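Q: Here's a structure for you.
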């Protein structure tokens, strides 16, 4: 008999979903990941529409994870270590509301954990500037178009991937080596 808990869902917006998906798919306990759009006004948004910054959606990833193998807190640790939560509507050269830092909680426990983690980071002075990451109830998540799924894996030579994602991913693998698949 299997005594493990059911898979849980975390939804995180930390800038470009190509980057965030590349990090989280490396973690033990993480099952499927889907890039997509959440938190906006438009039904069935497209990448082109979201890129205008006018739909209100964030680029985000929906992570199915096994809480017996990786905790929600650990996912948040990775989330805050792999993007800049102190810049409003911006990650590096990616600028716009779609690149905002936002945690979309799927239950009250996630909300409590996320707010406590942000408070901890703030109290410890981990970042030199105030954290602007929003914590919001998850609304409808729209999966991104098929070509965005596993984008980095299939496009490592593409300029953005080679010059932005690859260096970040190499650093990430050194820091989080103990929890990688």
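No lab work stands behind these numbers, since they all come straight from the coordinates. Computed from a predicted structure; not experimentally measured. Note that we place each Cβ from the backbone using ideal geometry, even for glycine, and neighbour counts take in every protein chain shown.
Q: Are there helices (runs of 4 or more DSSP H) fully within the range 8-84 with at least 2 residues that are over 13 Å from the mean Cα position of the chain (by Cα) and touching a residue at least 40 places away in the same chain (Cβ under 8 Å)? List them. Break it down stepwise before answering.
A: Working: elements: 17-24, 47-51, 72-81.
Correct list: 47-51.
Q: Let me ask you something else. Any idea which of (1) touching a helix residue (DSSP H, G or I) at 6+ places or on another chain (Cβ under 7 Å); (2) within 20 Å of residue 46 (Cβ to Cβ) is the one residue 139 doesn't satisfy?
A: (1)
Q: What residue, of 166, 97, is under 22 Å from residue 45 (Cβ atoms) and surrounded by 12 or more Cβ atoms within 10 Å (Cβ to Cβ)? Show your work before the answer.
A: Numbers: 166 fails: under 22 Å from residue 45 (Cβ atoms).
Going through 166, 97 in turn, the sole match is 97.
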